[in-house]
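Worksheet: one structure, shown below.
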Amino acid sequence: MVEEAEATTDAKVRGAVAKLESSKKAMDEEVQERLREVEVEEAPKVKREEERLKIEEEGVVAKEDAKVREAENDEQRLERTAATTLKVLEVQPSAVAARDSP
């Protein structure tokens, strides 16, 4: 009689475990399906945000490039001005002397 009770209890426990495992599997499948739905729903939003960030980054890079080009142009202008000034001083030393004398 004890063996029958143990066998019955074991069968009930196995049945309950099988039922829980089946429920868990069904819930896991539901969760996976919902995740796929969310990914599909959110994918366009994520793509738009990525594109916006890329455009923003390109704008920042373009601004920095423009600043570098402007600085290089300024430097070249100063070099040309200095070279021209030196040529004028070499060609007209008397004008410089006259300018510097009281």
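At-a-glance table
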quantity	calculated
Listed residue (A5, V88, V38) projecting farthest to the positive dipole end of the chain, Cβ model	V88
Cβ-placed point charges (K, R +1; D, E -1), dipole of the chain about Cα centre in debye, nearest 20	620
Identified option (computed Cα extents along the principal axes in Å; candidates [x] 132, 30, 19; [y] 46, 44, 33; [z] 84, 22, 15)	[x]
Approximate spin-label separation A71-V38, in nm, with each point projected 7 Å along Cα-to-Cβ	4.5
Residue-span extension gain [S23 to V91] - 0.36 nm each, minus C-alpha spacing	14.7 nm
Under 16 Å from K54, Cα to Cα: lysines that are on another chain or at least 8 residues apart	K45, K63
Helical contribution to [θ] at 222 nm, DSSP H n ≥ 4, -39,500 (n - 2.57), averaged over the chain, rounded to 500	-36000 deg cm²/dmol
Crossing angle, helix 2-91 versus the chain [Cα axis fit, 0-90 degrees, rounded to tens]	0
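We did not get these values from a lab; they are worked out from the coordinates using the rules stated. It should be emphasised that the depicted structure is a prediction, and the values quoted were computed from it without experimental measurement. Note that we place each Cβ from the backbone using ideal geometry, even for glycine, and neighbour counts take in every protein chain shown.
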